[in-house]
Amino acid sequence: MPSATSVSSAAGTRPAHRLRAPDRAPATSSGGPFLLLIAVCAGVTAANVYLAAALLPLIAHDFGTTASAVTWIASTAQFGYAAGLLFFAPLGDRVNRRPLVAGLSVATAAALVGAALAPGTAALAAAVFTAAAATVIPQLLVPLVAERAPADRRARHVAAVVAGLFTGIVAARVVGGLAGQAFGWRWVYAGSAVLTLALGLATALALPAERRTRQGGLFSGVAELPGLLRRSPALWRACLRQAGMFGAWSALWTSLALLLTGPSYGLSTATAGLFGLFGLTSSAVAPPAGGLVDRFGAARVVGAAYLLTAVAVPLFWLGGHVLVALFAASIALHAALVASQVANQTLALTTTSTPATANTAYVVSGFAGGALASAAAGPAFGHWGWTGVCAVAGAWLVVGWAATAGRAERR
């Protein structure tokens, strides 16, 4: 497998009919303030997918059921995100992203308001699915950042957005848990609607104007995905490896509130939410991971991330009884996930001439893997407790690596 730098150089010669020159010079939309806005917007919108995981005990209490009986709502959010990515993210290669980001922001905010007003679990799940499907804004912005970044710093620019995205994901547990305990889970969804609308519209206004030449139907990018994966073994590997990594993370992270608020530790929802701060510190891994990808290539960084996760999963199992082991495992797992995300996503964005469509294949694979793992983790926790959740995480990790280990990683 070539390094991300060498691939990005090749990918830089994209067909001219795909995208005319933007109205602004790349330098004006790739600097610090622009990257900061993109990163913050990515964090807030990505957090919408994980609010349910932080609020499961409160939702269960409100609807008069057990927490393990509503874990499927968290999985519904991930399936919704995967569906939204499948249909909306490829549009980044075909339409102007300004109105697309604005429209999705409005749709997400409306669905979050619906979640806040949901009278039962079925209505809540439908609203959560819709909100997650529309909140795919980060995956429209990452390809734009990669397109406009200097070739020798592309992974570092992608890493800046990934850092914001994962900060939002982890903060959803911390802020969601605290706010839910203080004001109720419905107000968490209402507040997220306001933040999503404000930041989404601000980001849409800041995006560079684009003139796209549309090829095929509006959703023809979906039809291109199978052929794109066949033609790009590097993209195929990135998809499967991140699906395994993200599945292991999702199984553990979406079930963690059940462990912390259950008989083993008996913590409140707010205290359990504070546990996310240990994962938040690992977002600092993204910038150095980007530098390592630019220097050594994606394959080495992903391999190191898998090794770190292989250490983290047994630590999580030990954390079922030893709290300090959960602290160490959480930091290690988030560091591995963020490093793997930077490496695999940079590779996905730079290995074809249609970055938005390739990014769709990559992120849909990752979130489908995460949703399936979360769906399996709920019943595993109900039958075998925390050991069952750790077994699901370990299985996803093994499958993600073994499915690609026999493939050549060089051109």
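Inside the range 258-283, can you point out the residues that are modelled with pLDDT under 80 and aliphatic (A, V, I, L, M)?
Residues satisfying the conditions are ALA270, ALA272, LEU274, LEU277, LEU280.
If you go through the range 35-67, how many residues are outside any helix (DSSP H, G or I), without any contact (Cβ under 8 Å) to a residue 24 or more places away in the chain and either touching a Gly at 6+ places or on another chain (Cβ under 8 Å) or not polar (S, T, N, Q) (or both)?
First pass over the range 35-67, keeping only residues outside any helix (DSSP H, G or I): 48-50, 63-66.
Among the residues that remain, those that are also without any contact (Cβ under 8 Å) to a residue 24 or more places away in the chain are: 64, 66.
Pick out the ones that are also either touching a Gly at 6+ places or on another chain (Cβ under 8 Å) or not polar (S, T, N, Q) (or both) and you get 64.
Number of matching residues: 1.
Scanning for something out of contact with any His (no Cβ under 9 Å at 6 or more places or on another chain), assigned to a helix (DSSP H, G or I), buried (at least 23 other Cβ atoms within 10 Å of the Cβ) and among the aliphatic types (A, V, I, L, M), does the range 289-297 turn up at least one residue?
For the range 289-297, residues out of contact with any His (no Cβ under 9 Å at 6 or more places or on another chain), assigned to a helix (DSSP H, G or I), buried (at least 23 other Cβ atoms within 10 Å of the Cβ) and among the aliphatic types (A, V, I, L, M): present.
Going by the conditions given, is ALA403 crowded, with 24+ Cβ neighbours inside 10 Å, hydrophobic (A, V, I, L, M, F, W, C) and in contact with a Leu (Cβ under 6 Å, 6 or more places away or on another chain)? Before the answer, list the steps.
Values: crowded, with 24+ Cβ neighbours inside 10 Å: no; hydrophobic (A, V, I, L, M, F, W, C): yes; in contact with a Leu (Cβ under 6 Å, 6 or more places away or on another chain): yes.
Against the criterion (crowded, with 24+ Cβ neighbours inside 10 Å, hydrophobic (A, V, I, L, M, F, W, C) and in contact with a Leu (Cβ under 6 Å, 6 or more places away or on another chain)), ALA403 does not qualify.
Need the failing condition index for HIS321 against (1) assigned to a helix (DSSP H, G or I); (2) more than 30 Å from GLY92 (Cβ to Cβ); (3) not acidic (Asp, Glu), just the number.
The one condition HIS321 does not meet is (1).
Name the residue that is surrounded by the most Cβ atoms within 10 Å (Cβ to Cβ), counting only residues in the range 338-368 that are among the polar types (S, T, N, Q) and in contact with a Pro (Cβ under 7 Å, 6 or more places away or on another chain).
Top of the filtered list is THR360.
Return the residues of the range 314-331 that are surrounded by fewer than 22 Cβ atoms within 10 Å (Cβ to Cβ) and of a type in the set (A, V, I, L, M, F, W, C); say none if nothing qualifies.
If the condition is that a residue be surrounded by fewer than 22 Cβ atoms within 10 Å (Cβ to Cβ) and of a type in the set (A, V, I, L, M, F, W, C), then LEU315, TRP317, LEU318, VAL322, LEU323, VAL324, ALA325, PHE327, ALA328, ILE331 are the ones that fit.
Can you tell me how many residues in the range 84-101 are out of contact with any Leu (no Cβ under 6 Å at 6 or more places or on another chain) and either of a type in the set (D, E, K, R) or surrounded by fewer than 19 Cβ atoms within 10 Å (Cβ to Cβ) (or both)?
Residues flagged as out of contact with any Leu (no Cβ under 6 Å at 6 or more places or on another chain) and either of a type in the set (D, E, K, R) or surrounded by fewer than 19 Cβ atoms within 10 Å (Cβ to Cβ) (or both) within the range 84-101 amount to 6.
Restricting the search to the range 181-190, which residues are of a type outside the set (Lys, Arg) and either over 21 Å from the mean Cα position of the chain (by Cα) or not in a helix (DSSP H, G or I) (or both)?
Correct list: GLN181, ALA182, PHE183, GLY184, TRP185, TRP187, ALA190.
Being closer than 15 Å to ALA289 by Cβ and either in a helix (DSSP H, G or I) or small (Gly, Ala, Ser) (or both) narrows it down to one residue among ALA343, ALA361, ALA356, ALA371; which is it?
ALA343
Residue-wise test of (1) at pLDDT 90 or above; (2) within 19 Å of the chain's Cα centre (by Cα); (3) on the phi > 0 side of the Ramachandran plot.
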{"site": "LEU292", "(1), (2), (3)": "no, no, no"}
{"site": "ARG295", "(1), (2), (3)": "no, no, no"}
{"site": "ALA298", "(1), (2), (3)": "no, yes, no"}
{"site": "LEU307", "(1), (2), (3)": "yes, no, no"}
{"site": "VAL313", "(1), (2), (3)": "yes, no, no"}
{"site": "GLY320", "(1), (2), (3)": "yes, no, no"}
{"site": "LEU326", "(1), (2), (3)": "yes, no, no"}
{"site": "VAL338", "(1), (2), (3)": "no, yes, no"}
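Can you tell me which of ALA159, ALA182 is in contact (Cβ under 8 Å) with a residue 24 or more places away in the chain, of a type in the set (Gly, Ala, Ser) and in contact with a Pro (Cβ under 6 Å, 6 or more places away or on another chain)?
ALA159
For the range 182-218, give me the residue count where each residue is modelled with pLDDT under 80 and over 23 Å from VAL106 (Cα atoms).
The number of residues fulfilling the criteria is 5.
Run down ALA284, ALA251, ALA272, ALA257 and say which single residue is assigned to a helix (DSSP H, G or I), crowded, with 23+ Cβ neighbours inside 10 Å and under 18 Å from the mean Cα position of the chain (by Cα).
ALA251
Do you know which of the residues in the range 120-146 that are modelled with pLDDT of 90 or more and touching a Leu at 6+ places or on another chain (Cβ under 6 Å) is farthest from SER105 (Cα to Cα)?
Among those residues, the one meeting the criterion is ALA131.
The values are calculated or read from the model by the stated rules, or taken from the named source; none is laboratory data. None of the values given here were measured: they were computed from a predicted structure. Here the Cβ is made from the backbone with ideal geometry for all residues, glycine too, and neighbour counts use every protein chain on show.
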